[in-house]
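*Asks:* Please find one structure pasted underneath; my questions will follow.
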Amino acid sequence: MNKHDSERIAGLLNSLNYKPTAHIIQADIIVLNSCSVRQASEDKAFGLIKNWQQYRNKKKNLIIIVTGCMPGRDKNGVLKEKIKGVDLWFGIDELPMLPKRLGGLDYNFKKDYLSIAPLRQNSAQAFVTIQTGCNNFCSYCAVPYARGRERNRPVRDILTEVKKLATKGCLEITLLGQVVNRYIAPDRKNFNPKNPFKTRDDFAALLWELNQSAGWRKKIKRINFTASDPQYFNEAQIEALKLPSQVNYLHLPAQNGDNAVLKKMNRKYTREQYIKLVKKIRLARPDIALGTDLIVGFCGETKKQFKNTLDFYKKCDFDIAYTAIYSERSGTAAAKAAKAGVKTFQDSIPQLEKKRRWHELQELMEKTTFRKNQKYLDKIVEVMVEKCENGICSGNSGEMKLVQFLGKSNLIGKIVKVKITRPEMWVLRGEISEANV
Ligand code: SF4
């Protein structure tokens, strides 16, 4: 989501006639689109801002802007107070105010952040925001404070944007939303009357609209979405995973594999419900690759609870997991409870123990990923080629696995068939298949 926000920032600055510079030293404006998911990201932002102050000697009028999650969640101004040398500090929802703040005279006020056209880096692949903000308030998470409450984009606007992308040669779209599968269409009347999901589930209905094989829609070869929430995944959405352009990958954040921890995290499902859901998804789409997010060392997590996460991982047999060590984020429900002296919400696991758990989980993930990747040996996968360096092309398969093969740069932006000859842990190596000819 932040990556896509950066494209919107670039789009807005471009419309004000600002162009990217090759080197930061040449810049008149430096924008930092910050992330608050972990303390480490915020520490990095602090470091960068401090470092950029040296450029002020060379550019007296340099403007340093910080947007994104740090200002978004900084309701009481504590973070701003700590950071010195920032000229503009605002949450991403206030992006439309940037021209005014920069002093643009012909400023045409756009009320909504979603109405700013992103400047995309890549014409074959695009992020498409369908929702922003979140109402879930997981106890560890700063997003609802940083990005505000959930807002869903009209179906008509989404289809118009994807149509434009398709006519410009886009082959792959990733629908974005904080809880993407809780999408609620503000304009249901714009669903096709023949849409079989339109009375069942808005997100499945949106996927159906984008998966049609007529006109511009057939140009979109791959549809991905992130991030979904297990509590909203229903039968209609499971069925929609089988639609023809859906990628063979699902990112389904679990966050933990222990029921007591999940409850404390304010995640509204149990490990049993999650495992049952995975079974149903695999029944509908047996080869689907499954990814998740997991947090270790959440407030008071016991060794037994952590073992439950390891066991849960084995049961779900994930292809990939993005694992994080819990770090308290000020302003969240967990941090507020801890501050108020609630014992169960104290960030009580020592850092060394958190790291040990992270490594143990990482090891399990690596072993599982390597084992699961072996099934691709001698198989042909379709790769969306993203780059080519020194004669080696790389890109993701429909399972969102990184694939590398010998090829030329004219393949960038194309989907090609590749036969896998050496599946490794983080990359499937292969050769371009004769099936392309
Ligand atoms: Fe944060 Fe939970 Fe919302 Fe995801 S669903 S953005 S983790 S509050």
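The values are calculated or read from the model by the stated rules, or taken from the named source; none is laboratory data. None of the values given here were measured: they were computed from a predicted structure. Cβ: placed from backbone, ideal geometry, glycine included. Neighbour counts: every protein chain shown.
*Asks:* Please identify the pairs in which a residue from the range 426-437 that is touching a residue at least 40 places away in the same chain (Cβ under 8 Å) has its Cβ atom under 6 Å from the Cβ atom of a residue that is charged (D, E, K, R), counting only partners at least 6 apart or on another chain.
*Replies:* Close Cβ pairs (under 6 Å, with a partner that is charged (D, E, K, R)) amount to Leu428/Lys401; Gly430/Lys419; Ser433/Lys417; Ser433/Lys419; Ala435/Lys417.
*Asks:* Does Lys242 meet the test of being outside any loop (DSSP other than H, G, I, E, B), over 22 Å from His4 (Cα atoms), among the basic types (Lys, Arg) and more than 20 Å from the chain's Cα centre (by Cα)? Full working, then the answer.
*Replies:* Numbers: outside any loop (DSSP other than H, G, I, E, B): no; over 22 Å from His4 (Cα atoms): yes; among the basic types (Lys, Arg): yes; more than 20 Å from the chain's Cα centre (by Cα): yes.
Spelling it out, it is not the case that Lys242 is outside any loop (DSSP other than H, G, I, E, B), over 22 Å from His4 (Cα atoms), among the basic types (Lys, Arg) and more than 20 Å from the chain's Cα centre (by Cα).
*Asks:* I'd like to verify a number: residues in the range 141-162 that are within 16 Å of the ligand (Cβ to nearest atom) and on the phi < 0 side of the Ramachandran plot, how many? Step through it out loud before you land on a result.
*Replies:* Quick first cut of the range 141-162, residues within 16 Å of the ligand (Cβ to nearest atom) only: 141-152.
Okay, now just the ones that are also on the phi < 0 side of the Ramachandran plot, so 141-147, 149-152.
Selection size over the range 141-162: 11.
*Asks:* Against the condition modelled with pLDDT of 95 or more and more than 27 Å from the chain's Cα centre (by Cα), how does Pro350 come out, does it pass? Give the derivation first.
*Replies:* Values: modelled with pLDDT of 95 or more: yes; more than 27 Å from the chain's Cα centre (by Cα): yes.
Judged against the criteria, Pro350 is a match.
*Asks:* Follow-up question, since we're still on this one. Which members of the range 293-320 meet the condition of being under 21 Å from Ser36 (Cβ atoms) and not in a loop (DSSP other than H, G, I, E, B)? First the steps, then the outcome.
*Replies:* Residues of the range 293-320 under 21 Å from Ser36 (Cβ atoms): 293-299.
Hits for the range 293-320 are Asp293, Leu294, Ile295, Val296.
*Asks:* Also, quick follow-up: Only one of Thr226, Thr199 is over 27 Å from Gln125 (Cα atoms) and either within 22 Å of the chain's Cα centre (by Cα) or away from the ligand (no atom under 16 Å from the Cβ) (or both); which? Give the derivation first.
*Replies:* Numbers: Thr226 fails: over 27 Å from Gln125 (Cα atoms).
After applying the criteria, what remains is Thr199.
*Asks:* State which residue is surrounded by the fewest Cβ atoms within 10 Å (Cβ to Cβ) when the search covers only the range 163-183 and only residues that are assigned to a loop (DSSP other than H, G, I, E, B) and away from the ligand (no atom under 15 Å from the Cβ). So that I can check it myself, show each step before the final result.
*Replies:* We begin by selecting, within the range 163-183, every residue assigned to a loop (DSSP other than H, G, I, E, B); these are 168-171, 177-179, 183.
From what's left, away from the ligand (no atom under 15 Å from the Cβ): 168-171.
On the way: Lys168: 12, Gly169: 10, Cys170: 24, Leu171: 19.
So the residue we want is Gly169.
*Asks:* So which of Val37, Val31 ends up being in contact with a helix residue (DSSP H, G or I) (Cβ under 9 Å, 6 or more places away or on another chain), touching a residue at least 24 places away in the same chain (Cβ under 8 Å) and assigned to a loop (DSSP other than H, G, I, E, B)? Even if it seems obvious, please write down each step before you answer.
*Replies:* Details: Val31 fails: assigned to a loop (DSSP other than H, G, I, E, B).
Within the list Val37, Val31, the selection yields Val37.
*Asks:* Does Leu98 satisfy the criteria of being under 25 Å from the mean Cα position of the chain (by Cα), over 27 Å from Asp293 (Cα atoms) and crowded, with 18+ Cβ neighbours inside 10 Å? First the steps, then the outcome.
*Replies:* Working: under 25 Å from the mean Cα position of the chain (by Cα): yes; over 27 Å from Asp293 (Cα atoms): yes; crowded, with 18+ Cβ neighbours inside 10 Å: yes.
So Leu98 passes the test.
*Asks:* Please find, within the range 134-160, the residue that is surrounded by the fewest Cβ atoms within 10 Å (Cβ to Cβ) out of those that are outside any helix (DSSP H, G or I) and among the hydrophobic types (A, V, I, L, M, F, W, C).
*Replies:* Here is the first cut: in the range 134-160, the ones outside any helix (DSSP H, G or I) are 134-142, 148-154.
Right, trim to among the hydrophobic types (A, V, I, L, M, F, W, C) and you get 134, 137-138, 141-142.
Details: Cys134: 22, Phe137: 12, Cys138: 21, Cys141: 23, Ala142: 23.
This residue is Phe137.
*Asks:* Right, another one. Do you know which residues across the range 247-267 are under 15 Å from Tyr232 (Cα atoms) and among the polar types (S, T, N, Q)?
*Replies:* If the condition is that a residue be under 15 Å from Tyr232 (Cα atoms) and among the polar types (S, T, N, Q), then Asn266 is the only one that fits.
*Asks:* Still on this structure, I have one more. Output the residue which, of all residues in the range 117-127 that are part of a strand (DSSP E or B) and either charged (D, E, K, R) or in contact with a Pro (Cβ under 9 Å, 6 or more places away or on another chain) (or both), is nearest to the ligand (Cβ to nearest atom).
*Replies:* Across the range 117-127, the extreme among qualifying residues is Phe127.
*Asks:* Name the single residue that is nearest to the chain's Cα centre (by Cα) among those in the range 110-149 being under 30 Å from Lys219 (Cα atoms) and among the charged types (D, E, K, R).
*Replies:* Arg120
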